[in-house]
Amino acid sequence: MNLVNLFVCLALSVCVLAAPQQRNDEEVVDLLPLAESCDPTICTPPNCRCSSTVLDEDIPYAETPQLVMLTFDDAVTALNYEYIEEALGGRRNPDNCPAAATFFVSHEYTDYSKVHALWAAGHEIALHSITHTPSTEYWKTASVETMIAEFGDQRDTLAHFAAIDRDDIVGVRVPHLQLSGNNSFEAIRRFGGLYDCSWPTQHFIAPGMWPFSLDYASTMDCTLGNCPTASIPGVWVAPMIDWIDTEGYKCAMVDTCPSMPEDDVDATFEWMKENFERIYNSNRAPFGVFLHSAWFLTRQSNFPAYKKFIEYMNSLPDVYLVSVSKAIEYTRDPRAVTGTSAVPPDNPPESEEAEEQQPHPQPQPQPQPQPDSAQEPEQEENHSEEEEIEHEENHIDEEEHGEEENHVDENEHHVEAEENHVEEENHVEGEDEHVVIDPRRRVRRQVRPNSAFNECQAVHENTCVPKVCQLTKTSTGEERWMTSCAPCPAVYPWLGNPLGLREVPQPEENDEE
């Protein structure tokens, strides 16, 4: 009998050892390699970057563009959409690219037609979960499978109902900033995301921490949730640099600061400006203005102060209002930016009456939306479709009728001109340049030669035809309304059913019999 028992024990041991595929998500994540200390000579951009407050030793702080990440959490609705339009609509950065924000969208109560409109305007759409469960313990202990269901499946929900490109949705912010350690980041890697922006830092705020990848161990402090310990290549962290309130307390999001200035526009603006300048006057790591748009409703001064703050930052020649993914893009491919790319034009010919009527140039003008092509038929008729303009626009002296080519730039490109040529006022994109004419002032903008980015974020035509859907939330039986760019689903989309494909279960006829 002893021999029989021995053989049985040996057989059971072999079966256990031979079945690693039976491990659950938590056990699989435990098998991830422990992250080692980061060597910046090995971990180099664009695919890898150590956690650090230094961007590039060859780029002085004075020539580092100050990137400002504007983000909003939770549902996108018609109400908060109007706030965003008023604060950011039509604004442009020093490189003439549209100012942009990141929207960490939660599913419930979201108007997907507004999400589409934001994406079409060049804003970034990111993930904030399907359920937005209020329990912090739920998120701190979430498995990889749960995180994929909450965020990976939400990617499908957003892409389908907001009619946007799924590949554009690459960012995550966990509700309540409660990371679940390695599980959070391994889930991002598995469903094809790029970054997380849920990790606050109280220690690295002046100088601030730059975005980094998780190939190696991070030196950043862990203030909330469970931070990662494993090596997870290809996943990036956009640190949430804490603000400091009026009593000295640190807070990751603007609207969570416990001690605010008095309910006064100027007082609130000055407090916001003080937090911004803490980074702007140090190492210029990406500065985050993280909040919930509901904050605009809590005090009368909040939204006017926010607009004033945006206007102030947008007036600075080296400040770029960008999405989180753009901040990571710059970190992966940094370059010096020596100042504004807006260049005053040469003195225009006196014979151009339209230019004589222009008001006196104002310092650092904000570019306005380009003129509608229908308003300038003459320019379109005179401008050949085959003519390619790749560099700066030069004024053509109308007295020199015999000259048909003008020198445009150091690369000896030429622009053919006729005697009656009307200087083009539309935005002309060549391989290396944008040309923008401000209605208040003719301005030549050298975008690519002195820009923080290789190209602007993509903008799209708004093609959404909104459909209002009256649905049932099967998990609770509640009625839900949803505005969608896609046909209405059968039921309200939810965890485990991100596209709302299943009907409410009905008893089969055989059961009734």
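Matching residues to (1) open to solvent by 20 Å² or more (accessible area, probe 1.4 Å); (2) under 30 Å from residue 311 (Cα atoms); (3) modelled with pLDDT of 95 or more:
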residue	(1), (2), (3)
4	yes, no, no
16	yes, no, no
34	yes, no, yes
38	yes, no, yes
76	no, yes, yes
83	yes, yes, yes
89	yes, yes, no
98	yes, yes, yes
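Can you pull out every residue in the range 294-338 that is among the polar types (S, T, N, Q), over 16 Å from the mean Cα position of the chain (by Cα) and in a helix (DSSP H, G or I)?
302, 314
Quick check on the range 139-160: of everything there that is closer than 17 Å to residue 74 by Cα and among the polar types (S, T, N, Q), which residue is surrounded by the fewest Cβ atoms within 10 Å (Cβ to Cβ)?
The qualifying residue surrounded by the fewest Cβ atoms within 10 Å (Cβ to Cβ) is 157.
What's the number of the only condition in (1) more than 19 Å from residue 485 (Cα to Cα); (2) part of a loop (DSSP other than H, G, I, E, B); (3) hydrophobic (A, V, I, L, M, F, W, C) that residue 69 fails to meet?
So residue 69 meets the others, but not (2).
State the number of residues belonging to the range 447-478 that are open to solvent by 70 Å² or more (accessible area, probe 1.4 Å) and aliphatic (A, V, I, L, M).
Looking only at that region, the number is 3.
Which one of the conditions (1) open to solvent by less than 30 Å² (accessible area, probe 1.4 Å); (2) over 24 Å from residue 324 (Cα atoms) does residue 264 fail to meet, given that it meets all the rest?
(1)
So which residues in the range 286-319 are of a type in the set (Ser, Thr, Tyr) and either open to solvent by 10 Å² or more (accessible area, probe 1.4 Å) or more than 13 Å from residue 276 (Cβ to Cβ) (or both)?
Residues satisfying the conditions are 293, 298, 301, 312, 315.
Test of understanding: among 272, 240, 220, which residue is within 20 Å of the chain's Cα centre (by Cα) and in contact (Cβ under 8 Å) with a residue 24 or more places away in the chain?
Of the residues listed, the single one that is within 20 Å of the chain's Cα centre (by Cα) and in contact (Cβ under 8 Å) with a residue 24 or more places away in the chain is 240.
Which is more than 22 Å from residue 293 (Cβ to Cβ) and either open to solvent by 40 Å² or more (accessible area, probe 1.4 Å) or without any contact (Cβ under 8 Å) to a residue 40 or more places away in the chain (or both), of 248, 193, 225?
On inspection, the qualifying residue turns out to be 248.
Give me the pairs: first residue in the range 115-142 and at positive phi, second residue in a loop (DSSP other than H, G, I, E, B) and open to solvent by 30 Å² or more (accessible area, probe 1.4 Å), beta-carbon distance under 6 Å, and six or more apart or on different chains, which are they?
Note: pairs meeting the criteria are 122/457; 122/459.
Among (1) surrounded by 24 or more Cβ atoms within 10 Å (Cβ to Cβ); (2) touching a Cys at 6+ places or on another chain (Cβ under 7 Å), there is one condition residue 169 misses while meeting the rest; what is its number?
Going through (1) surrounded by 24 or more Cβ atoms within 10 Å (Cβ to Cβ); (2) touching a Cys at 6+ places or on another chain (Cβ under 7 Å) one by one, residue 169 breaks only (2).
Need the failing condition index for residue 188 against (1) part of a loop (DSSP other than H, G, I, E, B); (2) surrounded by 20 or more Cβ atoms within 10 Å (Cβ to Cβ), just the number.
(1)
Can you report the number of residues in the range 182-207 which are over 21 Å from residue 46 (Cβ atoms) and of a type in the set (Asp, Glu)?
So the count comes out to 1.
The values are calculated or read from the model by the stated rules, or taken from the named source; none is laboratory data. Remember, it's a predicted structure, so these values are computed and weren't measured experimentally. For neighbour counting, all protein chains shown are included, and Cβ atoms are generated from backbone atoms with ideal geometry for every residue, glycine included. Ligands, DNA and RNA are stripped out before the accessible areas are found, and what is left, the full protein with its side chains, is counted by its heavy atoms. Shrake-Rupley method; radii C 1.70, N 1.55, O 1.52, S 1.80 Å.
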